[in-house]
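Inspection log for the structure reproduced underneath, given as structure tokens.
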Amino acid sequence: MTKARLAAKRWWFIMPIIFISYSLAYVDRSNFSFASAAGINDDLGISKGMSSLLGALFFLGYFFFQIPGTIYAERRSVKKLVFWCLVLWGGFASLTGVVNSIPLLAVIRFMLGIVEAAVMPALLVYISNWFTQSERSRANTFLILGNPVTVLWMSVLSGYLIHAFGWREMFIFEGIPAIIWAIFWWFLVKDKPQQVSWLSLDEKQALADALAQEQRNIKAVANYGQAFRSRNVILLCMQYFTWSIGVYGFVLWLPSILRAGKSMGMVEAGWLSSAPYLAATLAMILVSWASDKMQNRKLFIWPLLLIAALAFFGSWALGQHSFWLSYSLLVIAAAAMYAPYGPFFAIVPEMLPRNVAGGAMALINSLGALGSFFGSWFVGYLNGNTGSPAASFVFMAVSLLASVGLTLMVKPEKALAMQTAH
């Protein structure tokens with residue numbers, strides 16, 4: 001048995017399941033932006049301010065239930081947690097297509113956030129049970145690729161569904177796959193490598209030994225309270241908060257921003273909305289590979305966020321004088337914002353032991369959800385009240401610059417030791 005053979009087997013069995021699961025979560029998270037651009041506000045009598053709040057309510061539910069769900073996944077079962085989340089979020093997503101009142105829509109958006117809250121940190125915990133440190137950035141990236149890849153094809157599909165049927169049917173159709181996939185998830189997934197039949201006893205032991213050796217190299221942390229109070233975890237929470245402002249301000253309002261800058265139908269807006277996520281997908285794969293190769297996480301985070309901030313400033317400076325040049329800068333901004341996800345989530349398991357790493361990732365992700373709530377609400381508010389995306393470009397750029405500064409302040413002990421060794 002070789003490490004390469006073992007790694008190949010795990011990649012092929014584990015990563016497609018993880019990718020599909022997170023991808024389906026992202027359909028229900030971002031298709032609201034297409035409904036907003038397609039007339040849901042007029043049909044339900046939603047004001048511009050209320051529209052931005054409804055788009056952001058998802059992240060409020062997401063914020064409150066991250067840590068409890070992740071602790072359950074860490075101590076009990078990722079399999080059971082994600083199964084019920086899939087069923088519930090598929091149901092709530094489809095229900096969005098039949099609502100006729102703003103209060104009911106607000107409840108559904110909030111509940112969607114609750115049932116999706118623990119999925120990403122739970123899947124990060126799952127990855128840490130199956131992949132070693134030298135593989136983790138790439139494994140995290142294949143998980144988070146569910147984000148841009150989904151928005152890529154979902155942008156095109158949603159544009160066509162709205163054009164052919166309407167925004168209600170789009171929600172109904174796009175919620176059903178999550179419920180169907182829950183059945184596959186239940187029969188395909190096991191929580192621990194020791195429970196699967198497709199690894200030999202020697203392969204299971206080799207993986208267990210490699211993961212145990214990593215834990216011996218990490219300073220012990222007694223409990224969640226100690227982990228949550230650590231300087232690096234606090235900095236990473238603040239960093240992810242400001243980073244998420246830029247990402248989700250962009251994701252939720254890109255179709256509306258494009259239609260404000262150039263007269264176009266929903267199908268064309270769907271195709272143009274997909275291109276930034278294609279660029280993001282390619283950038284994420286390249287950056288995660290380089291990060292694992294060099295074992296230097298920060299080097300593949302802050303420079304890219306700086307590029308994204310500068311691209312937003314460039315789009316702001318161009319205004320509506322050159323739509324295609326401004327659009328090209330938005331493509332660059334998307335690629336640069338998404339590319340660092342794999343290295344970023346590889347930092348935590350490298351500086352905290354397994355007993356608290358999942359909870360710390362949930363805390364960081366919950367602060368990201370709070371940033372997503374604020375970013376998606378405030379970008380929608382700025383766009384609605386100024387009549388153009390110019391102010392929101394500046395807002396997202398400043399948030400990303402703050403994220404750059406916070407990244408530079410993080411000093412993971414283990415990462416530093418590895419850099420010195422190299």
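In summary, ILE162 fulfils each of the numbered conditions (1) at pLDDT 85 or above; (2) open to solvent by 30 Å² or more (accessible area, probe 1.4 Å) with the single exception of condition (2).
May I ask you to list the residues in region 273-307 that are surrounded by 23 or more Cβ atoms within 10 Å (Cβ to Cβ) and modelled with pLDDT under 80? Residue satisfying the conditions is SER273 alone. Residues that are touching a residue at least 40 places away in the same chain (Cβ under 8 Å), under 18 Å from ALA360 (Cβ atoms) and within 28 Å of the chain's Cα centre (by Cα) within region 205-227 comprise LEU211, GLU214, GLN215, ILE218, VAL221, ASN223, TYR224, GLN226, ALA227, listed in sequence order. Do you know which of the residues in region 349-371 that are hydrophobic (A, V, I, L, M, F, W, C), surrounded by fewer than 24 Cβ atoms within 10 Å (Cβ to Cβ) and over 16 Å from the mean Cα position of the chain (by Cα) is farthest from TRP130 (Cα to Cα)? For region 349-371, the residue satisfying everything is VAL356. Considering only residues in region 374-390 that are in contact (Cβ under 8 Å) with a residue 24 or more places away in the chain, open to solvent by less than 40 Å² (accessible area, probe 1.4 Å) and assigned to a helix (DSSP H, G or I), the one that is nearest to SER315 (Cα to Cα) turns out to be ALA390.
Restricting attention to region 168-216, and to residues there that are of a type in the set (Lys, Arg) and part of a helix (DSSP H, G or I), which single residue is surrounded by the fewest Cβ atoms within 10 Å (Cβ to Cβ)? If you could, list the steps in order and put the result at the bottom.
Within region 168-216, the first condition is being of a type in the set (Lys, Arg), and the residues that meet it are 168, 190, 192, 204, 216.
If we keep only those that are part of a helix (DSSP H, G or I) too, we end up with 168, 204, 216.
Numbers: ARG168: 18, LYS204: 16, ARG216: 8.
The extreme case among them is ARG216.
Figure legend. Inter-residue proximity from region 171-187: first residues under 12 Å from SER94 (Cβ atoms), second residues open to solvent by less than 80 Å² (accessible area, probe 1.4 Å) and outside any helix (DSSP H, G or I), beta-carbon distance below 6 Å, spacing 6+ or different chains. Indicated pairs: GLU174/ASN31. Pairs only if they're at least six apart or on different chains, beta carbon under 9 angstrom, first in region 100-123 and closer than 14 Å to PHE373 by Cα and open to solvent by 10 Å² or more (accessible area, probe 1.4 Å), second hydrophobic (A, V, I, L, M, F, W, C) and outside any helix (DSSP H, G or I); list them, first residue then second. Correct list of pairs: ILE114/PHE65.
Taking region 365-401 as the range and being of a type in the set (S, T, N, Q) and within 30 Å of ILE71 (Cβ to Cβ) as the test, the residues that pass are ASN365, SER366, SER372, SER376, SER399.
When you scan region 320-327, do you find a residue that is in a helix (DSSP H, G or I), in contact with a Pro (Cβ under 8 Å, 6 or more places away or on another chain), touching a residue at least 60 places away in the same chain (Cβ under 8 Å) and open to solvent by less than 30 Å² (accessible area, probe 1.4 Å), even just one? So far as region 320-327 goes, no, none of its residues is in a helix (DSSP H, G or I), in contact with a Pro (Cβ under 8 Å, 6 or more places away or on another chain), touching a residue at least 60 places away in the same chain (Cβ under 8 Å) and open to solvent by less than 30 Å² (accessible area, probe 1.4 Å). The set of residues from region 217-244 being part of a helix (DSSP H, G or I) and closer than 18 Å to ILE127 by Cβ comprises LEU236, TYR240. Taking region 12-99 and the helices (runs of 4 or more DSSP H) fully enclosed by it, the elements with 3 or more residues that are crowded, with 19+ Cβ neighbours inside 10 Å are at 32-38, 48-64, 66-75, 78-95. Screening GLN239 on (1) over 30 Å from LEU304 (Cα atoms); (2) in contact with a Ser or Thr (Cβ under 7 Å, 6 or more places away or on another chain) shows it passes everything except condition (1).
The values are calculated or read from the model by the stated rules, or taken from the named source; none is laboratory data. Source: prediction; values computed, not measured. Heads up, the Cβs are rebuilt from the backbone with ideal geometry, glycines too, and the neighbour counts pull from every protein chain shown. Ligands, DNA and RNA are excluded from the accessible area calculation, which covers all protein heavy atoms including side chains. Shrake-Rupley method; radii C 1.70, N 1.55, O 1.52, S 1.80 Å.
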